[in-house]
Amino acid sequence: MQNKEIELTEDSIGLKRYGILQLINNSYVNFQWEIGKYFIDLHKQGDEEFIASESLRLQRNWGNLFSVDNIRMSIAFATLFKDPIRVGVLGATVSWNYLKVLLPLNDVEHIMSLVKLCTDENLSIDALKEMINQLLAKGEIGKLSQEKVNKTKPDKLFQIKTNEQGRNGSISFRSTDILIMDGQSALSSDGIINNLFPDSDLEEFLKINLLQNSVFK
């Protein structure tokens, strides 16, 4: 059976670009979670002196991605979200810039409800900030989480089982590779994946000349 020939159309190139950005985004969100988990595993999440010291050490080679403020946000992320599968869901759905707006709510279900809203309505970060401020002012933020968690769009991942043929028959497993975003080519210019950039911390981190980094000397 011959492989289908690749067509370099505008649509196919656009989808490939989207896929690349999504992989970067997923890796970036997961890395932020791992940064927070590093401090939690050391039981240093509340040690401001240690956080400041580690921030200074890491920023020398890796930039503002390891600023004290960003480390604190990563700690908050890893504290709230303990399941790496769910972290993978977030990485396939929203950027770190969105999560920095959502994490101060300090409630997993509120955050997941707003993530669902972001994906359903293709909200820009500015629109999300405005909505949260309005809901907080009215005391209505809790209304968003009245729907059961397993009915929200991101959590459909937990209901999907993929079968893989093994030596002992069919094996069911959960996979973060399942594409959970619909209509990806219809995202507007201020939509979710386009808010991956600009992110000055991420851009600086990716542009660092690794050959000049002491790790590689």
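The values are calculated or read from the model by the stated rules, or taken from the named source; none is laboratory data. Small disclaimer: the values here were computed from a predicted structure and weren't measured. As a convention, Cβ positions derive from the backbone with ideal geometry for all residues, glycine included, and neighbour counts pool all protein chains shown.
Summary table below
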read-out	value
Cross-chain or 6+ apart pairs with Cβ under 9 Å, the stretch 38-59 first and touching a residue at least 12 places away in the same chain (Cβ under 8 Å), then of a type in the set (Ser, Thr, Tyr) and part of a helix (DSSP H, G or I)	Phe39/Ser74; Ile40/Thr79; Gln45/Thr79; Glu54/Tyr38
Filtered residue count, the stretch 100-122, keeping only those that are outside any helix (DSSP H, G or I) and either surrounded by fewer than 14 Cβ atoms within 10 Å (Cβ to Cβ) or in contact (Cβ under 8 Å) with a residue 60 or more places away in the chain (or both)	2
Boolean, Leu144 is under 20 Å from Gly88 (Cα atoms), part of a helix (DSSP H, G or I) and at pLDDT below 80	no
Selected residue (only one of Ile40, Ile51, Ile75, Ile71 is assigned to a helix (DSSP H, G or I), more than 20 Å from the chain's Cα centre (by Cα), more than 17 Å from Asn26 (Cβ to Cβ) and at pLDDT 95 or above)	Ile51
Test: Phe50 is surrounded by 20 or more Cβ atoms within 10 Å (Cβ to Cβ) and either farther than 16 Å from Leu196 by Cβ or of a type in the set (D, E, K, R) (or both)	no
Condition met for Ile6 (outside any helix (DSSP H, G or I) and either among the hydrophobic types (A, V, I, L, M, F, W, C) or out of contact with any Asp or Glu (no Cβ under 6 Å at 6 or more places or on another chain) (or both))	yes
Odd one out for Val87 among (1) out of contact with any Ser or Thr (no Cβ under 6 Å at 6 or more places or on another chain); (2) closer than 16 Å to Leu206 by Cβ; (3) surrounded by 15 or more Cβ atoms within 10 Å (Cβ to Cβ)	(2)
Whichever residue in the stretch 1-34 is β-branched (Val, Ile, Thr) and in contact (Cβ under 8 Å) with a residue 40 or more places away in the chain and, among such residues, is surrounded by the fewest Cβ atoms within 10 Å (Cβ to Cβ)	Ile24
Number of the condition not met by Cys118 [criteria: (1) closer than 22 Å to Tyr38 by Cβ; (2) over 11 Å from the mean Cα position of the chain (by Cα)]	(1)
